[in-house]
Amino acid sequence: MTNTHTGPRLRMPQRVAAALACPVCGLALARDANGLTCPARHGFNVAREGYAGLLTGATPPGTGDSKEMVTDRQRFQTAGHYDPIGRALAQALADPGADPLIVDVGGGTGHYLAQVLEALPTAVGLTTDVSKFAARKAAKAHPRAGAVTADSWRALPLVPGTVDAVLNVFAPRNAAEFHRVLAPSGTLLVVTPEPDHLAELRTALGLLDVDPRKEERLAQSLHTHFTPTQARPVRFEMDLPHPDALTVVGMGPSARHITPEDLAERVAALPDPVRVTASVRLGAYRPLPQSA
Ligand SMILES: [Zn+2]
C-alpha cells in the first residue's frame with residue numbers, strides 16, 4: 001500500500017477497508033488519490049468525516065434519516081436507554097473467533113456496534129446506513145469501526161464471505177445479501193420489537209400495534225438462507241424524558257399516521273419522565289450451506 005493519497009482519510013481499520021467491495025461490480029475496492037476505486041475503475045469518494053460514500057444510483061428524497069432525526073437518535077442512545085440491547089448483542093457474540101469483522105447493516109449512528117466492539121477487544125466493525133448524516137456519526141463511533149453509506153436493498157459493498165457477524169437492529173433485512181457477505185461460520189443477529197414493545201406509549205398515544213405475525217414474517221424472510229440457533233427476549237424499563245419519548249416513537253413506523261403536532265400534544269400530557277417498557281426479541285441465525 002502506498003500512502004500518496006491526499007484526500008480525506010478513510011477512518012477504519014485496514015482489516016475493515018480490505019473487506020470493502022465495489023457496489024457496482026463487486027470487485028474489491030482499494031484506496032487511491034481520489035478515494036476508493038475498484039479494478040473496473042468505478043470510483044467512490046471518502047467524505048471529510050472519514051466514511052466512504054458507496055451509494056449507487058438515485059436515492060429517492062426522504063430515504064434514510066435526516067440530520068435532525070440522527071441528532072435525536074444520538075441523544076436518545078447516548079442517554080443509554082437502549083443499552084441493554086447492545087449488551088445482549090455483545091453477549092450473543094461472546095466467542096466470535098479471532099479478529100472478527102462485525103457489520104451493523106442499517107446501523108445508524110454506530111451506537112450498537114460501538115457497544116459490541118467495546119465488549120470484544122479483538123473485533124473490528126463497520127456500520128452501513130443509507131443516511132449520510134448517520135454515516136458521519138458512525139465514522140467516529142469507535143476507534144475499531146468505520147462507516148459507509150450503502151442501501152440495504154441493493155448489493156452490500158462487502159467482499160463475499162468476509163464478515164463474521166451481521167447485526168440487524170430494527171433495520172431492513174436483506175437475507176440474500178447477509179448470507180453472501182457472511183463467512184460460512186458466521187452469525188446473523190436480528191433484533192425485532194415484541195408486541196408489548198413501548199406498550200405504555202402505544203396506549204397513551206394511539207400508536208399502531210406491532211404486527212402480531214412479525215415473528216412469522218421474520219422467519220419467512222430468512223428461512224431460505226438461514227437457520228435459527230437461538231432466540232431470547234430482552235425486556236427492560238426506561239424512564240424517558242419527553243424529548244426521548246418523542247424520539248423513540250419516531251424510531252418506529254407506528255407514528256406515521258399521527259401529525260407531529262398531535263403527537264407532541266399527547267406526549268406533553270404524560271408524566272415526565274414517563275416509564276416505558278422496551279421489549280424486543282434477539283434472534284441468532286447461522287447461514288445455511290450454499291446450494292450447489
Ligand atoms: Zn466496480
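Things to note:
- Relative contact order of segment 105-169, taken over Cα pairs closer than 8 Å and 6 or more residues apart, is 36 percent.
- Shape of segment 51-97, Cα gyration tensor, a/c cut at 1.5: oblate
- Helical content of the chain, expressed as a calculated mean residue ellipticity at 222 nm, amounts to -8000 deg cm²/dmol (DSSP H runs of 4 or more residues, -39,500 (n - 2.57) each, divided by residue number, nearest 500).
- Kirkwood-type radius of segment 13-110, with distances r between different C-alpha atoms, in Å: 16.3 Å
- Leu208 paired with Arg286, simple spin-label distance in nm, labels 7 Å along Cα-to-beta-carbon: 3.6 nm
- Sorted by Cβ neighbour density within 10 Å, fewest at the top, the residues Tyr285, Tyr82, Tyr51: Tyr82, Tyr285, Tyr51
- Size descriptor, Kirkwood hydrodynamic radius, that averages inverse alpha-carbon separations across segment 12-58, Å: 10.8 Å
- Model label points for Ala58 and Gln230, set 7 angstrom from Cα along the Cα-to-Cβ axis, are 4.7 nm apart.
- Dimensionless Rg over Rh [the chain; C-alpha; Kirkwood]: 0.97
- The angle separating the long axis of helix 67-78 from the principal Cα axis of greatest extent in the chain is about 80 degrees.
- Cut-off 13 Å (backbone N to label point 7 Å along Cα→Cβ of Trp153), residues of segment 63-79: 63-64
- Principal axis dimensions, segment 191-292 - Cα atoms, whole angstrom, descending: 58, 26, 19
Every read-out reported here was derived from the displayed coordinates using simple, explicitly stated rules and does not represent laboratory data. Everything numeric in this text was worked out from a predicted model, so none of it was measured. As a convention, Cβ positions derive from the backbone with ideal geometry for all residues, glycine included, and neighbour counts pool all protein chains shown.
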